[in-house]
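The values are calculated or read from the model by the stated rules, or taken from the named source; none is laboratory data. What you are looking at is a predicted structure, and each value in this text was computed from that prediction instead of being measured. Using ideal geometry, Cβ is built from the backbone for each residue, glycine included, and neighbour counts are taken over all protein chains shown.
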């Protein structure tokens, strides 16, 4: 395949918000047969952030005021993409198999994210661009093997990464492709339908962001750092290290507010890329702006704990260093 000519790119802009690898010769599904379908929670009161909470100690005060924006937690975001699924459907990212995770070693390290929806749900372009590939991957390889994504669409966008390289979005496992290679598309346009073609358990959209080379399985970035958060929601991102500063793989991070408990996972290995702007090895998106008790427990012992405020409409950074 020959990709269409590179787009005339615009300067970077921010739009208005509206474990172990399986053998390389053995494809594994990019989704789990069972799913947690928990609706996006609403905002909540905050615990007293001057002391650490426990399971029995999360009673919020009567009133609270968000802290002033802390520059130490702010990084230059690049939220240039909208949701690939309409708000009438499940348009939040599945938390059981996020970018860089393996579902506890059950699946291959994930190079994208999942949007779990029924077969035939419309798939939308996340931003304006031009289709550089539309069809199946029987002969043109985009994954570790051919026929990995099944029917897919790849779009090049008119913005670039921090190094000036082109940015692509990939939409895999489609039931039908509704666009053609070379076709210009606009944000929100229907480009395909959710399916389970290729190597997949059940219907879902597999979504990736790639930088530099649309066909390179090793060129992915974490989509949670590109997709605009819901209004009033934010993303928590950070780095999990030991006392020497070495990155730690596949660590479970618990993130709690009084009525919300979520888990994040540090990347399972170095087969996925951190974002050069962030250098993260975990993210947790779609968090209502609030105070959260962030902790890591290993073998029954708390190795890290800190209260952090997740700011709305941006990424909040945290460094997690596990105590010896």
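If you go through the stretch 275-299 and keep only what is in a loop (DSSP other than H, G, I, E, B) and out of contact with any strand residue (DSSP E or B) (no Cβ under 7 Å at 6 or more places or on another chain), you end up with 276, 277, 299.
Inclusion of residue 171 among residues that are at pLDDT 95 or above and either assigned to a strand (DSSP E or B) or over 18 Å from residue 155 (Cα atoms) (or both) is warranted. Could you tell me which numbered condition residue 86 fails, if it satisfies all but one of (1) buried (at least 17 other Cβ atoms within 10 Å of the Cβ); (2) at pLDDT 95 or above; (3) not assigned by TED's automatic domain parsing to the domain that holds residue 174? Condition not satisfied by residue 86: (1).
For the stretch 189-202, the criterion of being outside any loop (DSSP other than H, G, I, E, B), within 20 Å of residue 278 (Cβ to Cβ) and in contact with a strand residue (DSSP E or B) (Cβ under 8 Å, 6 or more places away or on another chain) is met by none of the residues.
Given 272, 251, which one is surrounded by 17 or more Cβ atoms within 10 Å (Cβ to Cβ), modelled with pLDDT of 95 or more, closer than 28 Å to residue 85 by Cβ and touching a strand residue (DSSP E or B) at 6+ places or on another chain (Cβ under 9 Å)?
Going through 272, 251 in turn, just one is surrounded by 17 or more Cβ atoms within 10 Å (Cβ to Cβ), modelled with pLDDT of 95 or more, closer than 28 Å to residue 85 by Cβ and touching a strand residue (DSSP E or B) at 6+ places or on another chain (Cβ under 9 Å): 272.
In this structure, residue 120 does satisfy being on the phi > 0 side of the Ramachandran plot and in a loop (DSSP other than H, G, I, E, B).
Yes or no, residue by residue, for (1) part of a strand (DSSP E or B); (2) closer than 19 Å to residue 224 by Cβ; (3) more than 21 Å from the chain's Cα centre (by Cα); (4) in the same structural domain as residue 207 (by TED's automatic domain parsing):
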position	(1), (2), (3), (4)
133	yes, no, yes, yes
139	no, no, yes, yes
167	yes, yes, no, yes
181	no, no, yes, yes
